[in-house]
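*Asks:* My structure is below; once you've seen it, I'll send some questions.
The values are calculated or read from the model by the stated rules, or taken from the named source; none is laboratory data. All figures in this text were calculated on a predicted structure; none of them were measured in a lab. Cβ atoms come from the backbone with ideal geometry, glycine included; neighbour counts cover every protein chain shown.
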Amino acid sequence: MDILQKDLHQLEKWQEEWEMSFNPAKCSVMKLSTKKEAPDRSYNFCGQPLQEVDSHPYLGVEIDSKMSWKAQYQKLTSKANKVLGFLKRNLWFCPREMKETAYKTLVRPILEYAGCSWDPYKKKDIVAIEAVQRKAARFCMNDYKQLSSVTEMTRVLGWEALQDRRKDARLQLMYRIMNGEVGIRAEDYVQQGGTAGLKTRGNSRKLKRELIRKDVHKFSYFHRTTTDWNDLDETTVTATGGEMFKNKLH
C-alpha cells in the first residue's frame, strides 16, 4: 500500500517536470478483495484524497471490487435492453430478416463483448442475459402471445443459447492459446496433463486441473475452460486450423 502511494507521488513529480497536470477528481481507488472487510487505506493524489469506488470500467468491461461481475451483468443487460427497445420502436413493421439482422448487429454484440472473461455460472445471471435474447425472439417473430413458446421461436430462428455461444467462444480462445495464435503464453496458465492413449475416452491434449475452493478462481476463465477442453474428443483438439476447430465444436 505504501508502494502505491509512493508511485502516486512519482506521478506528481512527473507532471511538474513535464509541465502537465492530472485531474484528481477523475481518479479513483478500487480495492480488489474477496474478504468481508477489505484493507482500510486511503490514498492522496495532487493534494486531494482519492474517492473509493465499488466498480469501474476497464476496456469496456465493468470490474467490481468483489470480482463477482455483478456490475458487468447489470450494465450489459441494461444497455442491450435499451438498444432492443430502440429497434422495436423503429423497426416494428419491418420484415423478420431485417429485425434479425438488426438484433445480431446491434444487440447481441453487447451481450457477448469480452464474454470469455465474465461468462456467468450462476443461474440467475445466465437467465437475466438470456432474457434479452428471448425478448428479441418475440420481436423478430412478432409474437407476444402469452402461451407462445419462446424456445420454439429461437429454434425456428436458428439461434443458439447465449450460454452455449459463450462456451464455444471460450473453447475457441483456448484453442488459439494452445496453438500460439495469440499473445498469451499457454505455459503460464495451463499445464499439459493428458496421454496419447486416451483417444477413445478423451484427448491427448488434456490439461491438468488444480484443486480450488474459492468460486472467484474456480469459475475463472482458465480453470473453467480447462474442464470443457478436457471433455472434447481427439479429432476436435487436434483440428488443423481455427475454422475446422469451430466446425467440429458443432
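*Asks:* Taking Leu106 and the conditions (1) over 23 Å from Asp215 (Cα atoms); (2) assigned to a loop (DSSP other than H, G, I, E, B), which numbered condition does it fall short on, given that it satisfies the others?
*Replies:* Result: Leu106 passes all but (2).
*Asks:* Give segment 192-206 a look and list any residue that's within 15 Å of Met174 (Cβ to Cβ), at pLDDT 80 or above and in a loop (DSSP other than H, G, I, E, B), or say none.
*Replies:* If the condition is that a residue be within 15 Å of Met174 (Cβ to Cβ), at pLDDT 80 or above and in a loop (DSSP other than H, G, I, E, B), then Asn203, Arg205, Lys206 are the ones that fit.
*Asks:* Out of all the residues in segment 207-234, which are polar (S, T, N, Q), surrounded by 12 or more Cβ atoms within 10 Å (Cβ to Cβ) and in a helix (DSSP H, G or I)?
*Replies:* Thr225, Thr226, Asn230
*Asks:* Among (1) touching a Lys or Arg at 6+ places or on another chain (Cβ under 7 Å); (2) at positive phi, where does Gly47 come up short?
*Replies:* Unmet condition: (1).
*Asks:* Also, I was wondering about something else. Only one of (1) among the aromatic types (Phe, Trp, Tyr); (2) closer than 26 Å to Lys36 by Cβ; (3) assigned to a helix (DSSP H, G or I) is not met by Tyr121, so which one is it?
*Replies:* All conditions pass for Tyr121, except number (3).
*Asks:* Right, next: Which condition breaks for Ala169 when tested against (1) in a loop (DSSP other than H, G, I, E, B); (2) within 24 Å of His250 (Cα to Cα); (3) not polar (S, T, N, Q)?
*Replies:* (1)
*Asks:* Which pairs have Cβ atoms under 8 Å, sit 6 or more apart or on different chains, and link a residue in segment 6-34 that is under 21 Å from Asp54 (Cβ atoms) to one that is loosely packed, with under 10 Cβ neighbours inside 10 Å and small (Gly, Ala, Ser)?
*Replies:* Note: pairs meeting the criteria are Pro24/Gly47.
*Asks:* State which residue is nearest to the chain's Cα centre (by Cα) when the search covers only segment 43-76 and only residues that are β-branched (Val, Ile, Thr) and surrounded by fewer than 18 Cβ atoms within 10 Å (Cβ to Cβ). Walk me through it before giving the result.
*Replies:* Filtering segment 43-76 down to residues β-branched (Val, Ile, Thr) leaves 53, 61, 63.
Cutting the leftovers down to surrounded by fewer than 18 Cβ atoms within 10 Å (Cβ to Cβ) gives us 53, 61.
Values: Val53: 21, Val61: 8 Å.
Here the residue is Val61.
*Asks:* Could you list, in sequence order, the residues of segment 120-162 that are over 27 Å from Phe219 (Cβ atoms) and among the polar types (S, T, N, Q)?
*Replies:* Matches in segment 120-162: Asn142, Gln146, Ser148, Ser149.
*Asks:* When both residues are 6+ apart or on different chains and their Cβ atoms are under 8 Å apart, which pairs have a first residue that lies in segment 226-250 and is closer than 23 Å to Glu210 by Cβ, and a second that is surrounded by 15 or more Cβ atoms within 10 Å (Cβ to Cβ) and of a type in the set (S, T, N, Q)?
*Replies:* Close Cβ pairs satisfying both conditions: Asn230/Asn203; Leu232/Asn203; Val237/Asn203.
*Asks:* Turning to a different aspect of this structure: Mind listing whichever residues of segment 235-250 are buried (at least 16 other Cβ atoms within 10 Å of the Cβ) and either among the acidic types (Asp, Glu) or more than 24 Å from the chain's Cα centre (by Cα) (or both)?
*Replies:* Ala239
Rundown of residues vs (1) within 13 Å of the chain's Cα centre (by Cα); (2) surrounded by 15 or more Cβ atoms within 10 Å (Cβ to Cβ); (3) part of a helix (DSSP H, G or I); (4) not assigned by TED's automatic domain parsing to the domain that holds His217, yes/no style:
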position	(1), (2), (3), (4)
Ile110	yes, yes, yes, yes
Asp125	yes, yes, yes, yes
Lys135	no, yes, yes, yes
Ser148	no, no, no, yes
Thr151	no, no, yes, yes
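*Asks:* If you don't mind, another one. Do we find a residue being part of a loop (DSSP other than H, G, I, E, B), at pLDDT 90 or above and under 27 Å from Ile126 (Cβ atoms) anywhere in segment 67-81?
*Replies:* The answer is yes, given that some residue of segment 67-81 is part of a loop (DSSP other than H, G, I, E, B), at pLDDT 90 or above and under 27 Å from Ile126 (Cβ atoms).
*Asks:* Of all residues in segment 132-150, count the ones that are over 23 Å from Met98 (Cβ atoms) and modelled with pLDDT of 95 or more.
*Replies:* Of the residues in that region, 1 qualify.
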